Amino acid sequence: MAAPRLVLLSKKIIKPSSPTPLSHRIQKLSLMDQMGTHSYSPFSFFYPKQDTASSPEPTKVFEILEKSLSKVLTAYYPFAGRIRDNSLIECNDMGVELSHVRIDCPMSTIFNHPHTDIDNLIFPDDPWFPSTESLVVAQLSHFKCGGVVLGASFSHKVSDGLSTIKFLRDYAMVARNSEAKPSPLFTGASIFQPIKFSSSSPVIVDPPRKLNASKRYHFSTSKLKALKAFVSADSKSQILPTTVEAVTAFLCKCVNTPTFKPSLLVQAVNLRGTNNDALVPADLFGNAVLPFAVSAANKEEINLQRLVGELRKGKEKIQDTLKYVKSEELLCSTVSEIAREMNEQTSSNDMPMYRFTSLRKFPLHDINFGWGRPRRVDMATYPVNMFVLMDNLSGDGVEVLVNLEEGEMSAFESNNELHQFASPFSGL
């Protein structure tokens, strides 16, 4: 099938509508930012044409996005700056990249193409490692049918997934109401105090990139209930799993069945507002997650109850370790030690890693710029083994973005147990 034709209509650098004050021109990276990956986080939001007379034309949509982006950058001024030496953001109002393209097909037809082909259409550059210093790279794509897609990549040095979604929600709020005044909390460097990096400093190394396939699976409410019962029945201990625990453990088992290979399951814990809200506020902007790993050295360890127990233990260990930390100095040393232990665990063996992240309860479907909620929220194909959990549009089920090497994906898709609880999903 021939790829749709893409026409570039415009490409602009969008700067804050008001200059950043001199007192805000230097934003130190926090320890969490310093330890983070150099990759970007690429999200896409699909908006079919609304059947209303008030639905704006594509050129008007671009004008709205351009003006509201300029305005929201006055509050989110670090995004308009440039990173220097993994130590600070120079908030110099250099701006972010925003492109506008026309794609000569209906939106619905692009889902007949491989996911990587869709990425090439709706993102203006390599979505994970754009060839630019801009900390945000965005593109509005409009289709023959009148639908539009916003694809945007955000530097992981500035924000994690939760902070990125908060920015997008505020961006959409400003598009609907030009008087809105977002007030993000940029205090990460005072909480996770930065360090002078050396070769022994804990840092997340970007893993080798793979040519992966990406698929989407849906777990309905009834199937989630059945899956939790299935997991609970897998052991005498009768641990009642959460939705994230049940889906994560189940998918980990599926990817290791019928052919088992020793592997690591890696999951991240959000440090905000859990056990130590006074120290790490719930609305902190930046990076505030730590990963932990669960190993499966033999086939007996791919047991659903065992996996659920280890997932819970890993999360609670991090939360409990930080629970009684009362000072920023102790917080930083504790976080550094956890990160160092994680690096040693993941680098000391050559086991394949399967990363899991949950965006459940994130307001992904609230990104409404004035032409309705997105019908579909997606991410670009990950260049590593990755499973991303998110709520579906109606909020009563879970969708999972599955990213695996093509050969491994074929085996995963043919897993009979997988299809007892999850259904492949494509399109809008």
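Is it possible to state the helix-based mean residue ellipticity at 222 nm for the chain, with each DSSP H run of 4+ residues giving -39500 (n - 2.57), the sum divided by total residues, to the nearest 500 deg cm²/dmol? What is it?
My calculation for the chain gives -9500 deg cm²/dmol from helical runs alone.
Of the heavy-atom accessible surface of the chain (probe 1.4 angstrom), what whole percent is carbon and sulfur?
Carbon and sulfur together cover 52 percent of it.
Estimate the FRET efficiency between residue 298 and residue 8 by the formula 1/(1 + (r/R0)^6), using the beta-carbon distance for r and 45 Å for R0, to the nearest 0.05.
Calculated transfer efficiency: 0.25.
Mean separation of Cα pairs under 8 Å and 6+ residues apart, divided by the residue count of the chain: what relative contact order is that in percent?
22 percent
Which of the residue pairs 326/361; 225/317; 166/253; 223/299; 67/166 have a Cα-Cα distance greater than 23 Å in the structure shown?
Pairs exceeding 23 Å: 326/361; 225/317; 166/253; 223/299.
Using Cα pairs closer than 8 Å and at least 6 residues apart in sequence, work out the relative contact order for region 342-411, in percent.
Here the relative contact order equals 28 percent.
Can you give the extra length, in nm with one decimal, that the chain gains between residue 340 and residue 218 once fully stretched, where that is 0.36 nm per residue apart less the Cα-Cα distance?
40.4 nm
Please get the size of the charge dipole for region 1-155, origin at its Cα centre, with Cβ charges of +1 on Lys and Arg and -1 on Asp and Glu, quoted in debye to the nearest 20.
With Lys and Arg at +1 and Asp and Glu at -1, about 360 debye.
For the chain, what does the accessible surface come to per residue with a 1.4 Å probe? Please give it in Å².
That works out to 44 Å² for each residue.
Quick one: compute the contact order of region 1-119, relative version, from alpha carbon pairs under 8 angstrom and 6+ residues apart, as a percent.
Rounded, it is 49 percent for region 1-119.
Where a Cα-Cα gap under 20 Å defines reach, which aspartates and glutamates qualify for residue 11, not counting those fewer than 8 residues away within the same chain?
Filter leaves 57, 63, 66, 93, 97, 104, 119, 125, 126, 133.
In vacuo Debye scattering of the chain, one point per C-alpha: log10 I(q)/I(0) at q = 0.06, 0.07, 0.10, 0.14 Å⁻¹?
-0.25, -0.34, -0.72, -1.41
I'd like the distance between the alpha-carbon centres of region 240-311 and region 334-403, rounded to an integer number of Å.
Spelled out, the Cα-based centre of one part sits 11 Å from the other.
Straight-line reach from residue 144: which lysines fall under 17 Å, measuring Cα to Cα and dropping same-chain residues less than 8 apart?
Candidates past the 8-residue exclusion: 49, 60.
Would you mind checking the radius of gyration and Dmax of region 212-424 based on alpha-carbon positions, in Å?
Using the Cα atoms of region 212-424, the pair Rg, Dmax is 17.8, 52 Å.
Put one equal scatterer on each alpha carbon of region 62-154, apply the Debye formula with no solvent term, and list log10 I(q)/I(0) at q = 0.11, 0.12, 0.17, 0.19 1/Å to two decimals.
-0.37, -0.44, -0.78, -0.91
Take the residue pairs 71/196; 181/323; 228/315 and return only those whose Cα atoms are more than 29 Å apart.
From 71/196; 181/323; 228/315, over 29 Å: 71/196; 181/323.
Would you mind estimating how fast region 6-191 diffuses translationally, via Stokes-Einstein at 37 °C and 0.692 mPa s with the Kirkwood radius over Cα pairs, in µm²/s?
Calculated translational D: 192 µm²/s.
Which one, 392, 247, 135, is farthest towards the positive end of the dipole of the chain when Lys and Arg carry +1 and Asp and Glu -1 on their Cβ?
392
The values are calculated or read from the model by the stated rules, or taken from the named source; none is laboratory data. Just so you know, these numbers come straight off a predicted model, no measurement behind them. All Cβ positions, even for glycine, are placed from backbone atoms using ideal geometry, and neighbour counts span all protein chains on display. Only protein heavy atoms, including side chains, enter the accessible area calculation; ligands, DNA and RNA are left aside. Shrake-Rupley method; radii C 1.70, N 1.55, O 1.52, S 1.80 Å.
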